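All remarks here apply to the structure that follows.
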Amino acid sequence: MTILRFGLCLVAASALNACAAAPAHAPYAPWNENGLIGHSEHLVKARTGKIDTYFLGDSITRRWGALDYPEFLAHWQKSFHGWNAGDFGWGGDSTHQILWRIQNGELDGVNPKVIVLLAGTNNIGDKPKPGAAADVAEGIAAIIETCQAKASDATIILMAIFPRNDNEESNRLVAEANRLIAKYADGKKVRFLDINDQLADQNGKLFEGMAVDNLHLSLKGYEVWAKNLKPVLTELLGEPAAEDLAPPPTGDPSAKKK
């Protein structure tokens, strides 16, 4: 992990200007009916209970706090109980879909104190196109800008995109995208947290047992993520409270039909 302060990579505050000046990033609506149902459930979740820690991302984030992954959910609840954490990740989302969701109500009125953002691997995919890393950087900039507009008091913990082992070119672009998005951090309101050296070797190959496939984290992988997040959350939020007021977890609507 890159460690300059509390495990966080600090970059000059002027780098945020590059974020604000990024070109417009097109928001895409959820790509199927199931995603639209999930969005409607997220809108209800956003207005239920109290959310101090808001997790935003794709399937890697979603699986951690979802009803249809009970082992991961149990670890999520154990790790973040008392910090009022809400999981707003969605499977298959690129930065384009994530941007659409927070522009269309999923962050409105929530006012979290911390936003944990992991996004970009689906922009790259297992058959990446030229310019994918730049698309990630543009998307992360737009998401940060939107989060800051809708939740101005929140500190954003921007995660480095995790390695993926389904295509060497994809992993090269993951590394390139991480170099680009690290520049958006100022170490204060936007912090960059890179744990990839704990998940993978120096070539980006995931360590044995860290993932259930070439992309998605295993319980062991989530344990590594939690271990690195918890000190930062303690710094920003204090020790977890005895009572947790977060909304109940949701899941994949399609899983209810199985």
Across all Cα atoms of the stretch 34-152, Rg and the largest Cα-Cα distance (Dmax), in Å, are 14.0, 43
State which helices in the chain qualify, where a helix is a whole DSSP H run, it must extend 24 Å or more along its own axis by its Cα atoms, and its mean Kyte-Doolittle hydropathy must be at least -1.0.
132-150, 219-237
Full-stretch length increase - Q198, D213 - with 0.36 nm per residue and alpha-carbon distance subtracted
3.7 nm
Quick one: of the DSSP bridges fully inside the chain, what percent are antiparallel, nearest 5?
20 percent
Between K230 and K205, what is 0.36 nm times their sequence separation minus the Cα-Cα distance? Round to one decimal in nm.
6.5 nm
Quickly estimate the mean residue ellipticity at 222 nm for the chain, helices only: each DSSP H run with n ≥ 4 gives -39500 (n - 2.57), and the total goes over all residues, rounded to 500.
-12500 deg cm²/dmol
Calculated P(r) of the chain - Cα pairs past 31 Å, %
16 percent
Calculated FRET value between L43 and E71, using beta carbons and R₀ = 22 Å, to 0.05:
0.20
If you look at just the Cα atoms of the stretch 23-80, how large are its Rg and its Dmax in Å?
13.3, 40
Here the FRET efficiency for S254 versus A24, based on Cβ atoms and R0 = 30 Å and rounded to 0.05, is 0.40
Return the lysines within reach of K188: Cα separation strictly under 30 angstrom, same-chain partners fewer than 8 residues apart disregarded; answer none if there are no such residues.
K45, K50, K78, K113, K150, K220, K227, K230
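Quick note: the coordinates plus some simple rules give every number you see, no bench work behind them. Since the model is a prediction, treat every value here as computed from it, not as a measurement. Positions of Cβ are backbone-derived with ideal geometry, glycine not excepted, and every protein chain shown enters the neighbour counts.
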